[in-house]
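S.K.: I have a structure I would like to understand better, so I am pasting it below and will then ask my questions one at a time.
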Amino acid sequence: KASGGPMINEAVVSTQSTGEFELIEPIASLFDDKHDEARLMAQRAIESVSHTVTGARGIVKANLIAKLVEKLKTETDEIKELVLDTMHYCMKVDTEQALTAGAMEVFTSLLTHGTWEIRGKAARDIMDISFPLAGKRRAVKCGCIPVLVKLLADPNFNVRSQAAGALMSIAITTEGKKASIGEGAVEALITLLRMDEGSEVKLNVIKAITMLAEHPEGREKLSEIVPLLEQIKASGGPMMNKVATTAINVITWKP
């Protein structure tokens, strides 16, 4: 059994150079195997293929996205993590199939999962699927914003970072800004910014704050953190300096 994974992986990867994906569908047929190990190996193989743009396109072309979304409802946690990773790469090339398959609703249900790995990957995938306008609208409609706001206080820093990133993506639209502000995102982001956070979390928090500051109500609430942003701007690296400067400019903008 131990040799099955590499053999499957090599077989699939070897087809990529010719642009043929004959093995993707046969391997996908193992998604329903009664043995956990066979299903795990199949998902590992598909996940490794998804890392390349060509591979991700092959998976989308094989119409496997709806099947993968269904697997997120029923599979073992180890397989769920692999599926969330596969979806992450596939949504970089196509979000339509995922939206049609109800992926947003399934990702939202996984935001309250018991393991931080799955919560973080689900939030990351919400950011991916929210890239198109249809995804941002679906995020507001399906009620994922209040859950993401709660995750800003998650014990795990990666989950907090991914939740802030997802909110940033959703809050690009006016509808997303209003919904996020209404669910207490501004207060939760301010709390998070005041904590001693790592740079990845801080970057996503400041980017999300910038989005919400474009709304008058958000701008008013965020005026109190300008001094803190000035401190971050002065003490951070070039990227931190850049995002903090943008946030300050947006918050202090006068119509």
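The values are calculated or read from the model by the stated rules, or taken from the named source; none is laboratory data. Being a predicted model, the structure only gives us computed values, none of them experimental. We place every Cβ from the backbone using ideal geometry, glycine too, and count neighbours over all the protein chains shown. The area values use the complete protein model at the heavy-atom level, side chains included, leaving out ligands, DNA and RNA. Shrake-Rupley method; radii C 1.70, N 1.55, O 1.52, S 1.80 Å.
S.K.: For the condition farther than 25 Å from residue 156 by Cα, surrounded by fewer than 22 Cβ atoms within 10 Å (Cβ to Cβ) and without any contact (Cβ under 8 Å) to a residue 40 or more places away in the chain, what is the one hit in 220, 187?
M.R.: Only one candidate passes the filter, namely 220.
S.K.: Further question on the same structure: Please go through the stretch 40-63 and pick out each residue that is open to solvent by 30 Å² or more (accessible area, probe 1.4 Å) and in contact with an Asp or Glu (Cβ under 8 Å, 6 or more places away or on another chain).
M.R.: Within the stretch 40-63, 57 is the sole residue that qualifies.
S.K.: For residue 233, are the conditions met, namely being without any contact (Cβ under 8 Å) to a residue 12 or more places away in the chain, open to solvent by 40 Å² or more (accessible area, probe 1.4 Å) and either part of a helix (DSSP H, G or I) or polar (S, T, N, Q) (or both)?
M.R.: For residue 233, the condition - without any contact (Cβ under 8 Å) to a residue 12 or more places away in the chain, open to solvent by 40 Å² or more (accessible area, probe 1.4 Å) and either part of a helix (DSSP H, G or I) or polar (S, T, N, Q) (or both) - is not met.
S.K.: Checking the conditions here, which among 143, 114 is out of contact with any strand residue (DSSP E or B) (no Cβ under 7 Å at 6 or more places or on another chain), surrounded by fewer than 22 Cβ atoms within 10 Å (Cβ to Cβ), without any contact (Cβ under 8 Å) to a residue 40 or more places away in the chain and on the phi > 0 side of the Ramachandran plot?
M.R.: Just a single option satisfies the conditions, and that option is 143.
S.K.: Among the residues of the stretch 64-77, which ones are over 16 Å from residue 95 (Cα atoms) and either open to solvent by less than 10 Å² (accessible area, probe 1.4 Å) or hydroxyl-bearing (Ser, Thr, Tyr) (or both)?
M.R.: Scanning the stretch 64-77 gives 72, 74, 76.
S.K.: So, restricting to helices (runs of 4 or more DSSP H) that lie completely within the stretch 149-196, which ones have at least 1 residues that are more than 22 Å from residue 116 (Cβ to Cβ)?
M.R.: Output list reads 174-182, 185-194.
S.K.: Does residue 179 satisfy the criteria of being of a type outside the set (S, T, N, Q) and open to solvent by 10 Å² or more (accessible area, probe 1.4 Å)?
M.R.: yes
S.K.: Output yes when any residue across the stretch 200-211 is modelled with pLDDT of 95 or more, within 24 Å of residue 231 (Cα to Cα) and open to solvent by 30 Å² or more (accessible area, probe 1.4 Å), and no when none is.
M.R.: Scanning the stretch 200-211, I find at least one residue that is modelled with pLDDT of 95 or more, within 24 Å of residue 231 (Cα to Cα) and open to solvent by 30 Å² or more (accessible area, probe 1.4 Å), so the answer is yes.
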